[in-house]
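First up is the structure itself, then whatever we jot down about it.
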Amino acid sequence: MDYSLLTDLTIAEARRALDAKECSALELADAYLEAIKEKDGEIHAYLEVWEEAARAEARAADAQLSAGTGRALTGIPLALKDNILVEGRTASAASKILENYAASYDATVTKKLKEQSVVFLGRTNMDEFAMGSSTENSAYGPTKNPHDVARVPGGSSGGSAAAVAARLCAASLGSDTGGSIRQPAALCGVVGLYPTYGSVSRFGLIAMGSSLDQIGPLARTVEDAGILFNAICGHDPRDSTSIPATGNRPPATKRIGVPRDFLGSGIEADVLENFEKTLARLREKGYEVRDITLPNIRHSLAVYYIVMPAEASTNLARYDGIRYGLSSPAEDIAGVYAKTRGEGFGLEVRRRILVGTFVLSAGYADAYYRRALGVRARIRREFAEALDEASGVDVIATPTTPAPAFKLGEKADPLSMYAADIFTVPVNLAGIPAISVPNGSLEREGKTLPTAIQFIGRPRDESTLFAVGVDVEKTSG
Amino acid sequence: MTQVDIESLAKLARLEVSNEERSRMEEDIPAIVEFVETIQKAEADAPPSAGSTGSPHSHIGLQNVMREDENPHESGKFTERMLSGAPKVVDGRVAVRQVLKRSP
């Protein structure tokens, strides 16, 4: 049988096929394993494929399905970003410093998926410690964009996005600190969700910027992203920033706000054109689209590049050659620290550690870090006011990225790479949910590349984002 | 442009930086600092109290709390698993190079 008949199925379609016994979980897993063998040499979405374990998990899922105890994700083949822990498995965050680190426990999201008897296909490539927007910062070589292998898949969850786009898994998990799910989802033409901060447990996620990080789904459809999100969200006493679980609220009415003054510069003309076309189609479907102003949102990227390195430099202090990972021998303990970290961390990670150390150092912390927290509070308030239930809009729309996928090696200067996340970082600063949905394509040098629209919602109002996202899918069809 | 002393930052961050890399960082880091300095032009609300990370929980009125320090688990229960990732282990403990030196 042609494996693509199975790998083309969405989660929802595979669920139906598995429940109707049209295929087994083992056949489904085998189809993906075959697809990975054939295509992943070129794409390099995976750092490791857990072939034998995946087959064993698929057999276990088949037994459950026969016994009638299957759940929403039982037997569905998924991939995990390499910074999400699975007990006994390597979790390297695509870094040399954790090359031989085997996780000693399951992340909460892993545990939740295991309880549903999913099939884990493997761990996906990423920018080292989730620092980057292209996967070029992986210590194990970049992932390629399935739409054009001369281009990047985005990042940092580039492996997770490329695997979904290339049909090398049904869906995947990534993490998003400043756009690391939504930007690669946009560049690869798949759906990506940054959930409300605190709604998905970060326990067992290798930390980068702890006040910004969230785990979220990458999937082929909005419906699939919702299925996966519902499987992983919920309160977790092991994550002190976890918020209490509440029932899903019904989707809000249909008011969309567009921060026009923020869309002015640096955005490519045909990206903006696709964005406007999508808004026009939503208007035809009965949405009200109005301009809004978020006066300080344009400072988000600068705020982000203070807050994130500050938190990352603190979080990465734990990699010292003593408790886990690489350890480089030296004369004394200070030498072990410095040498291990110098040898184990890649260039961008070292750069961010130094920036973080600078903005936190005595004499600079007030002017940089404390000031950034104040602007962050202001940006968060501006979002809350714009999304006010009585006088505001229900969602805010922007393009997800200012440009389609760029070429490998094109953005060697760190600041030009940082600018790829201009529309996604404000969301993380505010801790509110956002979804990226494919909304069309454009041509570059004879290749067809996807574009995407981002919808930003109220805290815990993912259901409205899913509802608008489904409408975009219907009208883009 | 703000002067950035890469050598002392590297020391603070316990990070070995080669000479070649130091000259690269001496270009990169001030450029990043110059960019983030644009926040001085932004409007700001009162920053959260000192020691807070400003984590975005204010919208639901939550704050970090520690659990009570009680009901400890049985001693040694997790020791093996905790040590499984350590580069060097001696007798159920993490081994490190000498930290303190006897004065001469």
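The values are calculated or read from the model by the stated rules, or taken from the named source; none is laboratory data. Because the structure is predicted, anything quoted here is derived from the model rather than measured. Ideal geometry is used to build each Cβ from the backbone, glycine not excepted, and the neighbour counts take in all protein chains shown. Accessible surface areas use protein heavy atoms only, side chains included; no ligands, DNA or RNA. Shrake-Rupley method; radii C 1.70, N 1.55, O 1.52, S 1.80 Å.
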Taking the stretch A:115-136 on its own, how many of its residues are of a type in the set (Val, Ile, Thr) and either assigned to a strand (DSSP E or B) or surrounded by fewer than 24 Cβ atoms within 10 Å (Cβ to Cβ) (or both)? 2
Among the residues of the stretch A:263-302, what is the count of those that are in a helix (DSSP H, G or I), open to solvent by less than 20 Å² (accessible area, probe 1.4 Å) and of a type in the set (A, V, I, L, M, F, W, C)? 7
Which condition from (1) closer than 30 Å to A:Ala186 by Cα; (2) at the interface with chain B (Cβ under 9 Å from one of its Cβ atoms); (3) open to solvent by 10 Å² or more (accessible area, probe 1.4 Å) is the one that A:Phe406 breaks? (2)
Considering only residues that are buried (at least 24 other Cβ atoms within 10 Å of the Cβ) and of a type in the set (Phe, Trp, Tyr), which ones fall in the stretch A:413-436? A:Phe423
Taking the criterion of being farther than 24 Å from A:Leu5 by Cα, touching a Gly at 6+ places or on another chain (Cβ under 8 Å) and modelled with pLDDT under 95, would at least one residue in the stretch A:153-171 satisfy it? no
In the stretch B:1-101, which helices (runs of 4 or more DSSP H) lie fully inside it and hold 3 or more residues that are of a type in the set (A, V, I, L, M, F, W, C), modelled with pLDDT of 85 or more and surrounded by 10 or more Cβ atoms within 10 Å (Cβ to Cβ)? B:6-12, B:19-36
Whichever residue in the stretch B:10-51 is among the charged types (D, E, K, R) and within 7 Å of chain A (Cβ to nearest Cβ) and, among such residues, is farthest from A:Ala367 (Cα to Cα): B:Glu16
Give the residue, chosen from A:Glu38, A:Glu52, A:Glu42, A:Glu27, that is open to solvent by 70 Å² or more (accessible area, probe 1.4 Å), in a helix (DSSP H, G or I) and within 22 Å of A:Gly174 (Cβ to Cβ). A:Glu42
The condition of being more than 7 Å from chain B (Cβ to nearest Cβ), more than 30 Å from A:Ile256 (Cβ to Cβ) and either outside any loop (DSSP other than H, G, I, E, B) or in contact with a Phe, Trp or Tyr (Cβ under 6 Å, 6 or more places away or on another chain) (or both) holds, among A:Ala362, A:Ala338, A:Ala310, only for A:Ala310
Subset of the stretch A:189-225 [of a type outside the set (A, V, I, L, M), open to solvent by less than 10 Å² (accessible area, probe 1.4 Å) and assigned to a helix (DSSP H, G or I)]: A:Asp224
A:Leu347 passes all but one of the listed conditions (1) free of Cβ contacts under 8 Å to residues at least 12 places away in the same chain; (2) at the interface with another protein chain (Cβ under 9 Å from one of its Cβ atoms); the exception is number (1)
Could you list all residues from the stretch A:437-477 that are closer than 27 Å to A:Thr253 by Cβ, open to solvent by 10 Å² or more (accessible area, probe 1.4 Å) and part of a loop (DSSP other than H, G, I, E, B)? A:Arg458, A:Pro459, A:Arg460, A:Gly477
Can you tell me which residues in the stretch A:322-355 are β-branched (Val, Ile, Thr) and under 26 Å from A:Gly132 (Cα atoms)? A:Thr340, A:Val349, A:Ile353, A:Val355
Boolean, A:Tyr337 is surrounded by 20 or more Cβ atoms within 10 Å (Cβ to Cβ) and touching a Lys or Arg at 6+ places or on another chain (Cβ under 7 Å): yes
